[in-house]
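So the structure is just underneath, and the comments pick up after that.
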Amino acid sequence: MGKPVVLSLENVTKTYDCGAAAVHALRGVSLEIHSGDFVAIRGSSGSGKSTLMNLLGCLDRPTAGTYRLDGHDVGKLNKLGFVFQGFNLLKRVSAVDNVLLPLVYARMPAAQRRAKALRMLSLVGLEDRAHHLPNQLSGGQQQRVAIARALINEPQILLADEPTGNLDSATGEEILSLFHGLNRDLGQTIVLVTHDPGIADRAPRQVTVRDGLIASDVRPGERRTRFVDRKPLIVPLAS
């Protein structure tokens, strides 16, 4: 039996009313993501990938179509964890206090949330930086804190929007390796959005968005499915 579908889009569209003209950011996107997938969504500026990411993260609503998360119409945000390009850490509080913040809103007792935050920092290799402020951490360390924070509510899906965009190539490679470890060792489902083909190529599955449509959905080592006007054309991998 295959892995369960945890996220599905069915003929999803998104249209923005810009006054004189409507902007069709997504034109009928259908996509399934299974438990344990590591998917890179790639596309150039204006392709629709950022709109798609916002819809997946429940930061926006589709104009039409259906979005289901774990088999249900979207509405429960605790199934999602977010990692952003800009880290989005609170500058005047320590790493551990940044990580435990979501548990404050969840009303978990103080001792329990601090202990869990320390476990999350250990998971990303930062247990020795728990009491450092963000300005005492490197960019890569700040992104690790952000990843620990995203994981603390044990999300079913981790959404990462250009997570290496503010990092040099070597540090970006470390963050990608961390994502691979979370996916491989913990079975964490990851959806990563990037404009960089080199970053996308590191993911086991690559979805390319172009002109508001899914242009290709590729799993290296398997057959490739390419979409032309939303009609699939199966193309064998080159030997």
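The values are calculated or read from the model by the stated rules, or taken from the named source; none is laboratory data. What you are looking at is a predicted structure, and each value in this text was computed from that prediction instead of being measured. Cβ: placed from backbone, ideal geometry, glycine included. Neighbour counts: every protein chain shown.
Report, by residue number, each residue of segment 90-104 that is part of a loop (DSSP other than H, G, I, E, B), at pLDDT below 95 and buried (at least 18 other Cβ atoms within 10 Å of the Cβ). None; the set is empty.
All conditions but one from (1) under 13 Å from the mean Cα position of the chain (by Cα); (2) part of a helix (DSSP H, G or I) apply to Val191; the one that does not is (2). Which residues, counting only those in segment 4-41, are of a type in the set (D, E, K, R) and either in contact with an Asp or Glu (Cβ under 8 Å, 6 or more places away or on another chain) or crowded, with 16+ Cβ neighbours inside 10 Å (or both)? Within segment 4-41, Lys14, Arg27, Asp37 qualify. Pairing each residue of segment 1-16 that is within 22 Å of Arg27 (Cα to Cα) with any residue that is assigned to a strand (DSSP E or B) and of a type in the set (Asp, Glu), provided the two are 6+ apart or on different chains, yields C-beta distances under 6 Å for Ser8/Glu32.
Have a look at Lys14, Lys76 and point out the one that is in contact with a strand residue (DSSP E or B) (Cβ under 8 Å, 6 or more places away or on another chain), basic (Lys, Arg) and at pLDDT below 90. That would be Lys76, the only listed residue that is in contact with a strand residue (DSSP E or B) (Cβ under 8 Å, 6 or more places away or on another chain), basic (Lys, Arg) and at pLDDT below 90.
Do we find a residue being at pLDDT 95 or above, out of contact with any helix residue (DSSP H, G or I) (no Cβ under 7 Å at 6 or more places or on another chain) and part of a helix (DSSP H, G or I) anywhere in segment 200-210? Within segment 200-210, none of the residues are at pLDDT 95 or above, out of contact with any helix residue (DSSP H, G or I) (no Cβ under 7 Å at 6 or more places or on another chain) and part of a helix (DSSP H, G or I). Only residues that are in contact (Cβ under 8 Å) with a residue 40 or more places away in the chain and assigned to a loop (DSSP other than H, G, I, E, B) were counted across segment 126-161, and they come to 6.
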